[in-house]
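Written below as structure tokens is the structure these notes are about.
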Amino acid sequence: GKGLAVFTSGGDSQGMNAAVRACVRMGIYLGCKVFFIKEGYQGMVDGGDNIVEANWSSVSSIIHKGGTVIGSARCMDFKEKVGRLKAAKNLIERGITNLVVIGGDGSLTGANLFRQEWSDLLDQLLKEGSITKEQREKYAHLHIAGLVGSIDNDFCGTDMTIGTDSALHRIIEAIDAIVSTAYSHQRTFIMEVMGRHCGYLALSAALATEADFVFAPEWPPDVNWPTRMCKKLEQERTAGQRLNIIIVAEGAIDRDGKPITAEKVKEVVVENLKQDTRITVLGHVQRGGSPSAFDRVLGCRMGAEAVMALMEATPGTEACVMSLDGNQAVRLPLMECVEKTKAVAKAMADKQWDLAVQLRGRS
Ligand code: ATP
């Protein structure tokens, strides 16, 4: 059977285990020899015990776990050609020419680069005598399928990234908990949620918890935001509300591109309204805990689709990324999606927020 390996890279997210499980089982089902690569690209570069063959039962009882059971890492070595040479050698030794990479845009970019460079790397390994001529011919093509694991939902091309739904669940549980204590003491709470370039979590959480105000990177408010916000908070109190909730994405900014931090928002509230105001930074809680049903199913579907894409690949097939389009699992050109994602980041940096939202499209 064909050699196939799966690994997780970059920041972890809930649902990665479901994806790993689906890759392993679909791979075995289709007759592949399937491997785990532990600790992301670092494990690929280091080889040894980091690359182990998987069997049907090695992915039992992981679907309900958060994070990634095979580990993830950021890896400087893989950014250097020497590192990628070592990685290629480790894969060839085990007959692996199909990779499922589960990660963010950085991880997917690295995988694409690896595929493009594969021939050169093998030539060099052959020259050094690290691989045989037979191996050079037999493993001439590397195939890549990407899955996007990220809680931010910040990747262009897919409606939902794996982990976003669970993170949203974590956030609204936390806000519901805060609401009850805020009610008792008539407090105002400012909740900082993740999202450096993407306000999806902040906005969705605000809608789902009936928050009073939300700050998201894509919708920077004008200079009058303190007045508008305070007026809104006061209105709510006058209408009989005993508390206020404000949600701030960690990447929230104003129209000059200056950060709007939870601290800054608190200052404004305290100064103008003299309300008892507290900040809660949710932090890594959002990335933890068990994955939601949606993320488990998403991971299953995308993982299975990735393996099928690899099995159908021919020597010229470009790297693809699995994406959710409406309710369909589809395959899209990986680099096009990465480029689009980068274009969104650039538009944001250039303060072209409308363009950023437009480019991001449905995701
Ligand atoms: P997150 O969304 O959590 O940031 P990510 O996949 O974008 O996830 P990165 O830190 O950008 O996270 O990338 C993860 C790893 O992928 C890097 O540590 C590196 O090993 C590899 N990688 C990223 N970009 C490249 C690149 N241009 N060339 C080679 N490898 C890369």
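Each value in this text was obtained by applying a stated rule to the coordinates, not by laboratory testing. Given the structure is predicted, the values throughout are model-derived calculations rather than measurements. In this analysis, Cβ positions are derived from the backbone assuming ideal geometry, glycine residues included, and neighbour counts consider all displayed protein chains.
Some values worked out for this structure:
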{"item": "Over segment 135-217: Kirkwood hydrodynamic radius from C-alpha pairwise inverse distances, Å", "result": "15.1 Å"}
{"item": "222 nm mean residue ellipticity, helices alone, for the chain (DSSP H n ≥ 4; -39,500 (n - 2.57); rounded to 500)", "result": "-14500 deg cm²/dmol"}
{"item": "Solution diffusion estimate, µm²/s, Stokes-Einstein, segment 236-363, Kirkwood Rh from C-alpha pairs, 25 °C, viscosity 0.890 mPa s", "result": "129 µm²/s"}
{"item": "Other-chain or far-sequence residues with amide H under 5 Å of residue 321's (modelled H)", "result": "146, 332, 334"}
{"item": "Under the Karplus curve 6.51 cos²θ - 1.76 cosθ + 1.60, θ = phi - 60°, whole-Hz ³J(HN,Hα) for segment 281-287, x wherever Gly or Pro sits", "result": "9, 6, x, 6, 3, 5, 8"}
{"item": "Of 344, 52, 193, the one that fluctuates the most in a GNM where the chain has Cα springs shorter than 10 Å", "result": "52"}
{"item": "Under-5 Å amide H pairs with residue 161, H placed in peptide plane, nonlocal only", "result": "153"}
{"item": "Per-residue HN-Hα couplings for segment 31-44 [Karplus 6.51, -1.76, 1.60; θ = phi - 60°; Hz; x = Gly/Pro]", "result": "x, 7, 9, 9, 10, 9, 10, 7, 6, x, 4, 4, x, 5"}
{"item": "Overall Cα dimensions of segment 265-331, principal axis frame, Å, largest first", "result": "66, 26, 22"}
{"item": "Summed side-chain charge close to residue 3 - residues other than residue 3 whose Cβ falls under 13 Å, Lys, Arg +1, Asp, Glu -1", "result": "+2"}
{"item": "Beta bridges per DSSP with both ends in the chain, % antiparallel, nearest 5", "result": "25 percent"}
{"item": "Three-way shape label, segment 177-319, alpha-carbon gyration tensor, a/c 1.5", "result": "prolate"}
{"item": "Three principal axis lengths of segment 1-128 [C-alpha, angstrom, descending]", "result": "45, 31, 23"}
{"item": "Rg over Rh [alpha-carbon atoms, Kirkwood Rh] for segment 55-105", "result": "1.03"}
{"item": "Cα-derived Rg over Rh, computed across the chain with Rh taken as Kirkwood radius", "result": "1.06"}
{"item": "Label point 7 Å beyond Cα of residue 132 along Cβ direction - residues of segment 77-99 with amide nitrogen under 11 Å", "result": "none"}
{"item": "Cα point-scatterer Debye curve for segment 227-297, base-10 log of I(q)/I(0) at q = 0.15, 0.19, 0.21, 0.24 Å⁻¹", "result": "-0.67, -0.88, -0.97, -1.11"}
{"item": "For residue 215, residues with placed amide H under 5 Å, excluding near neighbours", "result": "247, 248, 249"}
{"item": "Distance histogram in 10 Å bins (all Cα pairs of segment 188-234, percent per bin)", "result": "24, 55, 21"}
{"item": "Subset of 79/346; 38/258; 232/264; 86/138 violating a 29 Å alpha-carbon distance limit", "result": "38/258"}
{"item": "Highest average packing first - 15-26, 241-252, Cβ atoms within 10 Å", "result": "15-26, 241-252"}
{"item": "Counting DSSP beta bridges with both ends in segment 122-266, the antiparallel % (nearest 5)", "result": "10 percent"}
{"item": "Derived scalar couplings ³J(HN,Hα) [segment 182-189; Karplus, 6.51 cos²θ - 1.76 cosθ + 1.60; whole Hz; x for Gly, Pro]", "result": "4, 4, 4, 9, 6, 9, 10, 10"}
